[in-house]
Amino acid sequence: MSFFDSVFDFVGSAVGAVSDLAVATVGTVGDLAGSAVDTVMENPGKTALVCLGTLATGGAAAVFAGPIAAAVGSTGLLGATASGTAISSLSGVALTNASLAALGGGAIAAGGGGMAAGATIVATTGAAAGVAAGIGVAAGAAEAERKG
């Protein structure tokens, strides 16, 4: 058996393994999607509660992204601006803008995502908190319902 035969056998085995993994993954995703649809159909009220919590907290976080970022920045958790100034030493609009930029990975000029990315991160974090709170409330309601 030549070197090339060995390489072709190895590549063929690897392709077969990846193919088998892909088929198994697609089947698992399909099962999970079916399970999620069943859960939503069986619990429309709880599903609506989770969705409303997500929209409420994500929306509030988006609206108040500046003040939220400024509060985090004033604690000293975000370090310094691209120019080297400590964010916690800033105030007003400068504190808000620097905090949003820091949360977004830095200023756009320095290769980061800037203030827009920072506002997106704050809003996304708020939405995730809403999901967690909504699921917690729905689980509590289900437990209370189960105990009767």
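Any read-out appearing in this document is the output of simple, stated calculations on the displayed coordinates, not a laboratory observation. Note that this is a predicted model, so its numbers are computed, not measured. Ideal geometry is used to build each Cβ from the backbone, glycine not excepted, and the neighbour counts take in all protein chains shown.
Points worth noting:
- For region 44-147, the fraction of C-alpha pairs more than 18 angstrom apart is 53%.
- Label-to-label distance, F64 versus R146, with points set 7 angstrom from Cα along the beta-carbon direction: 3.3 nm.
- 3J(HN,Hα) couplings calculated from phi for region 96-112 with the Karplus curve 6.51 cos²θ - 1.76 cosθ + 1.60 (θ = phi - 60°) are, in sequence order, 4, 5, 5, 5, 4, 5, 5, 5, x, x, x, 5, 4, 5, 8, x, x Hz; Gly and Pro show x.
- Label point distance in nm, A132-S83, each placed 7 Å from Cα along Cα→Cβ: 3.6
- Karplus (6.51, -1.76, 1.60) ³J(HN,Hα), θ = phi - 60°, over region 85-90, in Hz, Gly and Pro reported as x: 6, 5, 4, 5, 8, 8
- In Hz, Karplus ³J(HN,Hα) per residue of region 44-60 (6.51, -1.76, 1.60; θ = phi - 60°; x = Gly, Pro): x, x, 5, 5, 4, 5, 5, 5, 5, x, 5, 5, 5, 6, x, x, 5
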